[in-house]
Each structure stands twice: as C-alpha cells, then as structure tokens.
1. Just to be sure before I move on: is GLY83 at pLDDT 85 or above and closer than 30 Å to GLN243 by Cβ in the structure I sent?
2. Tell me, which residue of the stretch 104-125 that is among the small types (Gly, Ala, Ser) and more than 14 Å from the chain's Cα centre (by Cα) is farthest from LYS144 (Cα to Cα)?
3. GLU142 is checked against (1) loosely packed, with under 14 Cβ neighbours inside 10 Å; (2) within 15 Å of THR226 (Cβ to Cβ); (3) in contact with a helix residue (DSSP H, G or I) (Cβ under 7 Å, 6 or more places away or on another chain) and fails just one. What number does that condition carry?
4. Being among the β-branched types (Val, Ile, Thr), in a helix (DSSP H, G or I) and either buried (at least 19 other Cβ atoms within 10 Å of the Cβ) or out of contact with any His (no Cβ under 6 Å at 6 or more places or on another chain) (or both) narrows it down to one of VAL169, VAL189, VAL227, so name that one.
5. Of the conditions (1) surrounded by fewer than 18 Cβ atoms within 10 Å (Cβ to Cβ); (2) among the charged types (D, E, K, R); (3) assigned to a strand (DSSP E or B), GLU215 clears all except one; give me its number.
6. Mind telling me which of the residues TRP139, TRP157 ends up being of a type in the set (Phe, Trp, Tyr) and under 27 Å from VAL3 (Cα atoms)?
7. Only one of ALA61, ALA48, ALA30, ALA44 is modelled with pLDDT of 90 or more, small (Gly, Ala, Ser) and more than 42 Å from the chain's Cα centre (by Cα). Can you tell me which?
8. Can you tell me which residues in the stretch 129-157 are under 25 Å from PRO234 (Cβ atoms), more than 18 Å from the chain's Cα centre (by Cα) and not aliphatic (A, V, I, L, M)?
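The values are calculated or read from the model by the stated rules, or taken from the named source; none is laboratory data. As the structure is a prediction and not an experimental result, all values here were calculated from the model. So basically every Cβ, Gly included, is an ideal-geometry build from the backbone, and we count neighbours across all protein chains shown.
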Amino acid sequence: MRVEVLSDHGGQQLGRTAEQLRAAETNVAAWHESYRHAWLDLQASRRAKPLWKRLLSVSTAEEREALAHTQGSWQGVVQADYGRQQINNRVQQQAAGVWGEEALVYGLSGLDDSWTMLRGYRNRRGETDHVLVGPGGVWAVEVKRRRVRLHVVGEQWWFEKLSSRGNVVETGWAVDGGGRSWARQVNDVAADLAAWLARNGHGVPVCTAVMVMHEQAMLGRCENLTVNVVGTHPVHLLGAIEQYTYPLDSQSCQEIVALVRRDHQFHARRRGGPAGDGRRG
C-alpha cells in the first residue's frame with residue numbers, strides 16, 4: 001500500500017502542544033526557583049530579628065513582607081504545575097490519536113501497491129483521517145484511539161470509558177467537537193467527496209468506516225449502522241473492503257487519487273488564505 005500524507009493535522013497539533021508543555025515546564029521551574037529564594041529570604045528575616053522578638057514570636061515588617069512573598073510564590077508553583085499537568089494530559093491524548101492512526105496504517109500494510117492511502121483529507125464538510133483508493137473501491141476512514149466500549153444505534157453513538165481493568169468509569173456521547181456522531185463526521189466528508197468525484201466522471205460510492213484503535217476497545221450494542229463498518233482491529237476493515245468491493249481499474253484509481261489530492265489542496269488553500277487561482281475545476 002502506498003501512503004501519501006495530504007496533511008498531518010494530528011502531528012502538527014501534537015508538536016504545538018509539546019512546545020506548550022516545554023514552556024509550561026520552564027515556567028514551573030522558574031516558580032520553584034522564585035519560591036526557593038522567597039523561602040531563604042523569609043528565613044533570613046527571621047534570623048535578623050532581635051532575640052526578644054524571636055522569643056515572643058513578634059513579627060517584623062520585613063518578615064511579614066517575606067512571608068507574603070513566600071506564600072505568593074508557592075501559589076505560583078501550584079498554579080503553574082496545574083497548567084503543566086493540563087497540557088501534559090493534552091499531549092498524551094493527542095499522542096494517542098496519532099498512534100491510533102499509525103496503528104491502522106501498519107495493520108493495512110498487507111494491501112499491495114495497487115492501493116493508495118491518502119492521509120489527512122479535508123473538504124468543505126470537514127476532515128477525515130484516511131481515504132483509501134484501490135481496486136476494491138474508495139473508503140473514507142475515521143480513526144479514534146479510545147479505551148471504550150462503543151454502542152451504536154443508528155445515529156446515536158455513545159461510549160463507556162473503561163479502566164485498565166475493564167471497569168466502566170465514565171459514559172458519554174461519541175461525537176466530534178461540533179456535536180456530530182462519529183458516523184456523521186465521516187459520512188459528511190464521504191458524501192462531499194462522492195459528489196466531487198461524480199462531477200468529474202467517477203460516479204463511485206465512497207464507503208465509510210470508523211475504527212476504534214485501542215487494544216482494549218470493544219464493541220457493545222451495534223444496530224442500524226449508517227457506516228459500512230465499525231471496528232476495533234484492522235482485520236475488520238480488511239473484511240469490509242472484501243465485502244463491499246466496487247471494482248476499479250488501475251486508470252480509474254490513478255484518476256481518483258489525483259482528484260482527492262486536488263480537492264484537498266483546494267480546501268486547504270481556502271482555509272489557509274488565497275493561494276493560486278483558487279479553482280478546483
């Protein structure tokens with residue numbers, strides 16, 4: 001299988017968050033140093049007091065000022081470390097997402113070079129992780145990296161988040177940032193891609209898949225699916241590709257790949273500002 005990266009949104013996002021984490025760690029270290037100096041100043045102010053004030057625990061103006069500085073510095077440490085932890089959590093989540101996408105790529109590596117995977121395809125309806133084009137047809141594939149038990153009834157998608165021991169610790173709707181179910185997320189992109197291909201002489205269906213790529217992910221109730229396949233292992237997608245085969249010859253595959261690439265570039269230019277003549281044909 002040939003792999004072409006159209007965009008690496010996940011990797012770029014991870015890189016930016018990793019930079020934020022490094023800055024946060026530097027900030028935590030600076031606050032720790034500030035607290036250390038404040039504590040030393042407080043100790044010095046206490047040692048500088050006359051003996052009778054030390055014996056009677058009478059504070060001086062210098063001691064009170066140093067104490068306030070120490071307390072303020074410690075609050076800075078606490079807040080900075082909390083911010084660092086929040087950013088570190090985002091790094092872990094984003095890294096897991098990138099790993100999930102890579103795991104699927106590895107899992108599909110048995111497909112021969114008549115297949116092309118285009119990663120990070122975007123059109124006017126959003127972005128999906130992978131578009132597969134080959135002799136068995138065209139697929140839009142959305143990848144999630146979640147340790148969940150996923151339930152699907154039509155357009156209602158929800159999950160049970162699992163602990164490392166398999167216990168349910170949280171439940172929630174399986175939706176994207178805009179509130180669309182994971183199915184709707186990939187189906188919207190696939191429908192727009194299919195319309196674009198049809199306008200350019202390739203009236204082929206674009207099949208859809210949602211892959212939950214976590215070694216402890218599992219499927220629960222699944223009824224009335226609006227995608228072609230929901231899976232937790234690459235073999236689920238490979239089996240669906242065989243089941244929903246839409247034969248394409250080599251020339252058609254090449255032309256469809258070129259159209260996917262062209263459509264992505266058009267929408268990438270629109271999101272990033274004017275570039276070229278702005279036409280996609």
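1. Values: at pLDDT 85 or above: yes; closer than 30 Å to GLN243 by Cβ: no.
So GLY83 fails the test.
2. Pass one, the stretch 104-125, residues among the small types (Gly, Ala, Ser): 107, 109-110, 114, 120.
Next cut, more than 14 Å from the chain's Cα centre (by Cα) only: 107, 109-110, 114.
On the way: GLY107: 15, SER109: 19, GLY110: 21, SER114: 26 Å.
Checked the stretch 104-125; the qualifying residue farthest from LYS144 (Cα to Cα) is SER114.
3. (1)
4. Exactly one of VAL169, VAL189, VAL227 is among the β-branched types (Val, Ile, Thr), in a helix (DSSP H, G or I) and either buried (at least 19 other Cβ atoms within 10 Å of the Cβ) or out of contact with any His (no Cβ under 6 Å at 6 or more places or on another chain) (or both), namely VAL189.
5. Unmet condition: (3).
6. Details: TRP157 fails: under 27 Å from VAL3 (Cα atoms).
That would be TRP139, the only listed residue that is of a type in the set (Phe, Trp, Tyr) and under 27 Å from VAL3 (Cα atoms).
7. ALA44
8. Selection gives GLY134, PRO135, GLY136, GLY137, TRP139, ARG149, HIS151, TRP157.
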